[in-house]
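Written below as structure tokens is the structure these notes are about.
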Amino acid sequence: MAIDESAAVPQTASAETAPAAGAKQEQLAPYRVDKTGTRLTTDQGIPVDDTDNSLKAGPRGPSLLEDFHLREKIMRFDHERIPERVVHARGSAAHGYFQPYGDGLAAFTAARFLTDPSVRTPVFVRFSTVQGSRGSTDTPRDVRGFATKFYTDEGNFDLVGNNMPVFFIQDGIKFPDLVHALKPEPQHEMPQAASAHDTFWDFVSLQPETMHHLIWLMSDRALPRSYRTMQGFGVHTFRLVNADGQTTFVKFHWTPTAGVHSLVWDEAQKISGKDPDFNRRDLWESIEAGVYPEYELGVQLIPEQDEFAFDDLDLLDATKIVPEERVPVTPVGRMVLDRNPDNFFAETEQVAFCVGNIVPGIDFTDDPLLQARLFSYLDTQLTRLGGPNFAQIPINRPVAPVRHHQQDGFHQDDIPLGQANYHPNSTGGGCPYVPGVGSFPEAFTHRPELVDGHKARKRAESFADHYGQAMLFWNSMSAWEREHIVAAYRFELGKVAYPHIRQRVVAELNRIDNTLATAVAAGIGVDPPAAVSVNDGRNSPALSQADQPKAGIAGRKVALLAADGVAATSVAGLKDFLEANDAVLEVLGPVDGVLRTAEGGILPVTRAMNTVSSVLYDAVAVPDGDEAVSRLIGDGLALHFVAEAYKHAKPLAVLGTGDRMVEAARLPVYTTSDRVEGVSSKPIAAALDGVVFLAAGAPVDERFTTDLFDAIAAHRHYDRPVDGIAA
Ligand code: HDD
């Protein structure tokens, strides 16, 4: 085929196409390869005129070894895969930037990216599940990784956190045991992307330090609606170090500006089949739509002299939080994710986070979990990325200059010039020079800490309590959060084959709270626990998702069920309202194409109803228009759609005679006999939660949009009586 040479474009994309500002995008630009308008070549740049037929001795004869294109093509294909991450294998990532609000942290840290509000630091953030393989689903009950690489002017800082503020174990030496127990069982590689199995529950019930993280895992935090709506935590206590070398303990928190929202468990399981890429797609589509995920960075600061001020927790114990009521979280800056990666493998798969990557102004603590991580991340990249030069992969390159005497190894991309590959040298003018300790204020200085102790494989006494903070968490939950937690334990343990493991978990739960243990035991067929009360009643309101501030509705997806005869006026009003608030309305028809409206016009269908499901939406709307409503009532799929959305506590927008559908779906909200002068607004007491009605034939008005905004912003309405709903 003839090539239009004029269509050829330069090999590199313009950095100006990158909304994620800054030095990192400029650095990546020369690596981006645009194939538009180019000829096909081999790896050696030799043009190829046929890539569909191998070179043969006669059309039906054997293929010839001299066919360098065949050999290269097959060889390259054979080696496309690299080992997946041993944990957190499934992930999705985005570029963006971080900017501090002001210089408020300047007294605490010398790190400029945290203290100079004029500095926008490029970031690359990778979100992940922990247990599943690369090709698994996005919505198992699992912890989510939240790893941020800050490309600061002083080098890369990797904050490799999770969406839960604590970890299962206190000492990194237990990590291989934890992960073996958590991952699919060795004999049959089951279950995939799920924690409900014997080895996991066996391990955790024998390792009581897991109890705190476990109750977080049984809560809705393990089912984030979106990466845009989950918190992130650095988990460990780190140190901030100021210009005078004084240090302050710090805990890092990410808080999404879109609010903290979760799925319900039944929904999460269904999504795993309907759209295993649910969270990945949401991240990608939000950024493409310009609804950029945003997170506020907050810090809890603890003066160094207060290290031992907490009688019930040790700052070095990663199974503990510092309750926000005792040390408040101070907001210090904002992160915006505004650019999708160009290539999944090159960026999301090859990004290498290392907990040991810190910059001047930040330092480690002696948390034994953190200490083991310092080795593990560096070590794992050698296998995963094929050698010691992984920091040269474009996504991993710092924007700060890199000059040293390390050399060679697999995949050395740089061409170091000159003779000097050692220090000290005179052949290279003494460069790269090392000015000497203390003579170079920007250099990283390890905190001069006095270390004194006898070598011993021991755990500190101050790490001994494993139940107090699990109790704090349980006490801080709202009624619906507790119901979800009990249901989660019952579900997970209900899949455990060994009764003694179930019983042992109940005994552990009884050390947290007797009502919790009793409720779980009642659901899994084991003996009720002894009626002892250990609960000290303490709580921390900041831990409850119910107490998180509600944000707007940007990025929420609303499904409108429609059919021929749909009243178009209120649909148009609904669409305008949602789009004005950066939310999305999708019109679902019985089939693809267009619908005939009650007014005689047409309404385009976004998707055929059978290709989606209520679980893929945040809210559902039913239309006005007698004919359309009658058609929908006759369609079991549509009725199930409405009932299921109601059961999953989602907001419903009921336009005009669409109220007949609410009645037909047997939702305990409303019957048409409740209509007052044609206006469908009479609630059946509190059961109306999150169901917003518009009068028949009426245009969308402010009362309706205000109520609907609040209903969607709240995200879920858990006070509904849903037990009898068949969905
Ligand atoms: Fe880890 C990956 C988070 C404890 C060893 N971990 C990994 C990732 C996240 C976390 C988000 C994925 C990074 C990415 O997107 O590439 N890990 C945590 C948190 C922990 C934690 C918040 C506790 C506070 N991890 C932990 C321990 C060890 C590891 C105790 C080992 C001693 N983690 C690894 C690893 C991984 C990893 C094996 C797999 C892939 C990788 O590092 O790059 O080294």
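The values are calculated or read from the model by the stated rules, or taken from the named source; none is laboratory data. Remember, it's a predicted structure, so these values are computed and weren't measured experimentally. We place every Cβ from the backbone using ideal geometry, glycine too, and count neighbours over all the protein chains shown. These area figures cover heavy atoms from the full protein model, side chains too; ligands, DNA and RNA do not enter into them. Shrake-Rupley method; radii C 1.70, N 1.55, O 1.52, S 1.80 Å.
Some notes on this structure:
- In the set 323, 360, 388, 394, only one residue is away from the ligand (no atom under 11 Å from the Cβ), surrounded by 16 or more Cβ atoms within 10 Å (Cβ to Cβ) and free of Cβ contacts under 8 Å to residues at least 24 places away in the same chain; that residue is 388.
- Looking only at region 167-184, and only at residues there that are closer than 25 Å to residue 251 by Cβ and out of contact with any helix residue (DSSP H, G or I) (no Cβ under 8 Å at 6 or more places or on another chain), the one that is most open to solvent (accessible area, probe 1.4 Å): 174
- So residue 310, is it over 20 Å from residue 163 (Cβ atoms), over 20 Å from the mean Cα position of the chain (by Cα) and within 16 Å of the ligand (Cβ to nearest atom): no
- One residue from 527, 536, 465 being more than 17 Å from residue 197 (Cα to Cα) and surrounded by 15 or more Cβ atoms within 10 Å (Cβ to Cβ): 465
- Taken over region 303-320, the criterion of being part of a loop (DSSP other than H, G, I, E, B), surrounded by fewer than 18 Cβ atoms within 10 Å (Cβ to Cβ) and not aliphatic (A, V, I, L, M) is satisfied by 307, 308, 310, 311, 312.
- Test result for residue 346, more than 9 Å from the ligand (Cβ to nearest atom) and not in a loop (DSSP other than H, G, I, E, B): yes
- Considering region 144-195, the residues that are within 21 Å of residue 371 (Cβ to Cβ) and part of a loop (DSSP other than H, G, I, E, B) include one that is nearest to the ligand (Cβ to nearest atom), namely 167.
- Qualifying positions in region 276-291 - within 14 Å of residue 140 (Cβ to Cβ) and open to solvent by 20 Å² or more (accessible area, probe 1.4 Å): 276, 277, 280
- Selection within region 146-174 - more than 22 Å from residue 92 (Cβ to Cβ) and among the basic types (Lys, Arg): 174
- Pick from region 196-244, criterion touching a Ser or Thr at 6+ places or on another chain (Cβ under 6 Å) and of a type in the set (A, V, I, L, M), ranking: farthest from the ligand (Cβ to nearest atom): 241
- Hits in region 485-494 (condition: of a type in the set (D, E, K, R) and open to solvent by 20 Å² or more (accessible area, probe 1.4 Å)): 490
- Residues being part of a loop (DSSP other than H, G, I, E, B) and more than 9 Å from the ligand (Cβ to nearest atom) - total across region 364-384: 3
- From the list 497, 580, 563, 521, the lone residue that is in contact (Cβ under 8 Å) with a residue 12 or more places away in the chain, open to solvent by 40 Å² or more (accessible area, probe 1.4 Å) and either assigned by TED's automatic domain parsing to the domain that holds residue 653 or closer than 30 Å to residue 192 by Cα (or both) is 497.
- Scanning region 365-374 for residues that are of a type outside the set (Gly, Ala, Ser) and touching a helix residue (DSSP H, G or I) at 6+ places or on another chain (Cβ under 8 Å), we see that the one that is nearest to residue 343 (Cα to Cα) is 373.
- Residues of region 18-61 that are assigned to a helix (DSSP H, G or I) and surrounded by 13 or more Cβ atoms within 10 Å (Cβ to Cβ): 23, 24, 25, 26, 27, 28, 29, 31.
- Here residue 158 clears all of (1) of a type in the set (Asp, Glu); (2) under 25 Å from residue 323 (Cα atoms); (3) open to solvent by 10 Å² or more (accessible area, probe 1.4 Å) except the condition numbered (3).
- Within region 127-141, tally of residues that are within 15 Å of the ligand (Cβ to nearest atom), in contact with a helix residue (DSSP H, G or I) (Cβ under 9 Å, 6 or more places away or on another chain) and open to solvent by less than 10 Å² (accessible area, probe 1.4 Å): 4
- Answer from 107, 93, 89 - the residue that is in a loop (DSSP other than H, G, I, E, B) and surrounded by 17 or more Cβ atoms within 10 Å (Cβ to Cβ): 89
- Extreme residue, farthest from the chain's Cα centre (by Cα), among residues of region 68-86 that are of a type outside the set (Lys, Arg) and part of a loop (DSSP other than H, G, I, E, B): 79
- Number of residues in region 233-274 that are assigned to a loop (DSSP other than H, G, I, E, B) and either under 21 Å from residue 195 (Cβ atoms) or among the β-branched types (Val, Ile, Thr) (or both) equals 6.
- Among the residues of region 261-275, the one identified as surrounded by 22 or more Cβ atoms within 10 Å (Cβ to Cβ) and acidic (Asp, Glu) is 267.
- Yes/no for residue 100 being away from the ligand (no atom under 16 Å from the Cβ), open to solvent by 10 Å² or more (accessible area, probe 1.4 Å) and in contact with a strand residue (DSSP E or B) (Cβ under 6 Å, 6 or more places away or on another chain): no
- Only residues that are of a type in the set (Phe, Trp, Tyr) and within 18 Å of the chain's Cα centre (by Cα) were counted in region 335-378, giving 2.
- Residue 551 fulfils the conditions (1) within 33 Å of the chain's Cα centre (by Cα); (2) modelled with pLDDT under 95; (3) crowded, with 20+ Cβ neighbours inside 10 Å except for a single criterion, (3).
- Reported count of residues in region 500-518, each being under 21 Å from residue 464 (Cβ atoms) and either open to solvent by 70 Å² or more (accessible area, probe 1.4 Å) or in the same structural domain as residue 257 (by TED's automatic domain parsing) (or both), is 1.
- Taking the criterion of being modelled with pLDDT under 95 and within 12 Å of residue 339 (Cβ to Cβ), the residues of region 14-24 that qualify are 15, 17, 18, 19, 20, 21, 22.
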